[in-house]
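The values are calculated or read from the model by the stated rules, or taken from the named source; none is laboratory data. All values reported here derive from a predicted model rather than from experimental measurement. Heads up, the Cβs are rebuilt from the backbone with ideal geometry, glycines too, and the neighbour counts pull from every protein chain shown.
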Amino acid sequence: MVSYYYRLHIFLGRLARRRWAFVCYPTTSTTVSLLIGGVRSRPAVPGRVGGDSLQEDVAPGAEPWEGYVDWRNRPATRSRHGGMAAASFVLVVEVLENLAFLANASNLVTYLMGFMHYSPSQSATAVTNFMGTAFLLALLGGFLSDAFFTTYTIYIASAFIELMGLVILTVQARTQSLMPPQCAKPGAPCEPVSGAKKAMLFAGLYLTALGVGGIKGSLPSHGAEQFDEHAARGRKGRSTFFNYFVFCLSCGALVAVTFAVWVEDNKGWQWGFGISTIAILLSIPLFVAGSSRYRNKVPTGSPLTTIAKVLIAAALARRGCAPSSSNGAVIDRAPSPTGSTDMKEYCKPGDMEEITVSGAAIVASSPAEPSRELAFLNRAVQCQPPRHGRLACTVQEVEDVKIVLMVLPIFLSTIMLNCCLAQLSTFSVEQAATMDTRVGSLTVPPASLPVFPVTFIIILAPVYDHVIVPFARRVTGTEMGITHLQRIGTGLVLSIVAMAVAAVVEVKRKNVASHNGMLDSTKPLPITFFWIAFQYLFLGSADLFTLAGLLEFFFSEAPPRMRSLATSLSWASLALGYYLSSVLVSIVNSATGRGDHRPWLQGASLNHYHLERFYWVMCVLSTINYLFFLFLAVRYKYRNAGVIKG
């Protein structure tokens, strides 16, 4: 019998390069592990299901990463590919990538107002639309990475697209004939950019946005894929990677909002765009330098097809149909993340049984019924056979779709926080521009204000990973220490505090302008810009907790075949937050500008805005949003690699 086992495992190893799927099917008391066309299966490994007493016929350290290939499309091996060494290239690249993006985005509102002659509200809307589009396009990058290409390919293609957009912006900023005419008189209305010049501006901006979207949709998941989620060390390494991903993102932002912004304000925007162009150009060979270390997940086709199939099968299934037989094992979910999320781990070694198929001995494992959450979807797998053969679903596919539907409300609850973060690039910059930005003999550009939250993140991220998390692990006795949703919730609370602080600071700023008779003056107010730093600190802290928590939450919870797309939801939340900010500005102006009343957020001078009222509205909306998140979080159950016996 052992010889049968041995020959079977050698046979499965030879088939590892082909596309196979692992599914659990019911028998009388056990389930046969069958291979059907669709997705790669993991070959038997010593110590895993089906290979407890056998040794693989492979060289030590040459065990393949099932479902992964190297940059030459050859099977990736555990000894040469993956791990923190490979992920380190991603972290360095993120510094340059975010430098290239934020060097312009953080100060773009100033460029549009000073050189393209847009009004403050028009500039704020243009910036939020640009950044919103860039982050929303991360969904496209994530989808392509999962369905048709690897994250490796998508990053390189997206970096070249961003490079083209930045070259266009650099050429326009350098060539006076491609800029709008200068203002005729100081204080007189200026002619905003229009026609072909406007088309060139937005072509450069949105080519850059397309490239940024592809990078955001592929780079984080490419780094996270380098870790083995089936080992505790790999999962902890992945958590560390996401913390340091935000750390490196902040390092790039620090250079962007200090050196790059100073260059833009003092040497010219052609040099500012040039810095971004050089940064993204350097990131490409740096990324390619890690090619020999990367393991790249093999695309498995469109995840949207699986989602649609399960939803349609459940909708068409007969109500009250007789479910297929099973042994009563039900997939369990846990209130905190507890290890591997692979459905293959649901089949326990204790339930093994040998059966014979076409004369060959095959190791079988016990069945698992779908979980009890979103039970209406269970009809897609329990009511077999379906009306249409192509709608046949497996338990794994049903559970995958359930996970997608359960994380979407969490995703929606983070949009309001990112709406608050949008103020850092718009109204907060405009506030600082009216204040005294001198520090001794040095004049700080308003767009450099994000240096406060960025510096705080750079300090806090290592402390969080090396001090707070280990302490929380010892206190709670869990692998994570602090769950993903706890991190996200902390960020939401900090955003509420930030909006309240912003409203109070704006009241003080306007009082100074009123008491000094400077409501219509263009001179700096006699109040230091350090007052604005408070709202930046709270929002920066909120960003650290929320972004890292969201990236890891979506990646670890999502089914393997749609992880890049799921991770992109973190950036899509940012996008929708920026769009929501624009919509709220329009709604507030429409609601408050009726009759003879002046809209709250309209006019040539920020001193005549009622920005403090807008911030209070944001504070109230953020509080309501947090209560909605709290309702979802206390009921959410994480994917758990195990079954419970019915």
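Annotations for the structure displayed:
- For the range 514-525, filtering for residues that are surrounded by 12 or more Cβ atoms within 10 Å (Cβ to Cβ) and closer than 23 Å to Met499 by Cα leaves 1.
- Some residue of the range 522-531 being touching a residue at least 60 places away in the same chain (Cβ under 8 Å) and part of a helix (DSSP H, G or I): yes
- Taking the conditions (1) under 21 Å from Ile280 (Cβ atoms); (2) of a type in the set (A, V, I, L, M, F, W, C); (3) surrounded by fewer than 21 Cβ atoms within 10 Å (Cβ to Cβ) in turn, Phe143 satisfies each one other than (1).
- Any chance Ser573 is in a helix (DSSP H, G or I) and within 18 Å of Phe135 (Cα to Cα): yes
- Pro446 crowded, with 19+ Cβ neighbours inside 10 Å, at negative phi, touching a residue at least 24 places away in the same chain (Cβ under 8 Å) and touching a Leu at 6+ places or on another chain (Cβ under 9 Å): no
- Residue that is nearest to Asn607 (Cα to Cα), among those in the range 85-140 that are of a type in the set (S, T, N, Q) and at pLDDT 85 or above: Thr133
- Looking across the range 109-131 at every residue that is crowded, with 24+ Cβ neighbours inside 10 Å and under 23 Å from the mean Cα position of the chain (by Cα), the one that is farthest from Cys183 (Cα to Cα) is identified as Met131.
- Considering Ile410, Ile403, Ile459, the condition of being β-branched (Val, Ile, Thr), free of Cβ contacts under 8 Å to residues at least 24 places away in the same chain and either out of contact with any Ser or Thr (no Cβ under 6 Å at 6 or more places or on another chain) or surrounded by fewer than 20 Cβ atoms within 10 Å (Cβ to Cβ) (or both) is satisfied by Ile459 alone.
- Residue in the range 93-115 that is touching a Lys or Arg at 6+ places or on another chain (Cβ under 7 Å), within 27 Å of Ser573 (Cα to Cα) and polar (S, T, N, Q) present: no
- Residue within the range 68-80 that is free of Cβ contacts under 8 Å to residues at least 12 places away in the same chain, surrounded by fewer than 24 Cβ atoms within 10 Å (Cβ to Cβ) and assigned to a helix (DSSP H, G or I) present: no
- Within the range 118-134, if we keep just the residues that are of a type in the set (Ser, Thr, Tyr) and assigned to a helix (DSSP H, G or I), the residue that is nearest to Lys216 (Cα to Cα) turns out to be Thr133.
- Considering the range 536-555, the residues that are under 9 Å from the mean Cα position of the chain (by Cα) and among the aliphatic types (A, V, I, L, M) include one that is surrounded by the fewest Cβ atoms within 10 Å (Cβ to Cβ), namely Leu551.
- Test: residue in the range 229-239 that is over 15 Å from Gly83 (Cβ atoms) and among the polar types (S, T, N, Q): no
- Scanning the range 99-117 for residues that are assigned to a loop (DSSP other than H, G, I, E, B), closer than 20 Å to Leu207 by Cβ and not aliphatic (A, V, I, L, M) yields Ser106, Asn107, Phe115.
- Residues (in contact with a Gly (Cβ under 9 Å, 6 or more places away or on another chain) and farther than 17 Å from Ala422 by Cα) located in the range 444-459: Thr455, Phe456, Ile457
- The range 427-458: number of residues that are assigned to a helix (DSSP H, G or I) and among the polar types (S, T, N, Q): 4
- Filter pass, Thr483 being surrounded by fewer than 24 Cβ atoms within 10 Å (Cβ to Cβ), β-branched (Val, Ile, Thr) and touching a Ser or Thr at 6+ places or on another chain (Cβ under 6 Å): yes
- Residues in the range 287-306 that are surrounded by 16 or more Cβ atoms within 10 Å (Cβ to Cβ) and touching a Leu at 6+ places or on another chain (Cβ under 9 Å) were compared, and the one that is farthest from Gln382 (Cα to Cα) is Phe287.
- Qualifying position, being modelled with pLDDT of 90 or more, under 19 Å from Trp65 (Cα atoms), out of contact with any strand residue (DSSP E or B) (no Cβ under 8 Å at 6 or more places or on another chain) and surrounded by 18 or more Cβ atoms within 10 Å (Cβ to Cβ), among Gly213, Gly223, Gly237: Gly223
- Among all residues of the range 304-321, there is at least one that is of a type in the set (Ser, Thr, Tyr) and modelled with pLDDT of 80 or more.
- The range 354-400, subset among the polar types (S, T, N, Q), at pLDDT 60 or above and not in a loop (DSSP other than H, G, I, E, B), residue surrounded by the most Cβ atoms within 10 Å (Cβ to Cβ): Gln396
- Helices (runs of 4 or more DSSP H) fully within the range 180-291 counting 3 or more residues that are of a type in the set (Val, Ile, Thr): 195-224, 232-255, 269-289
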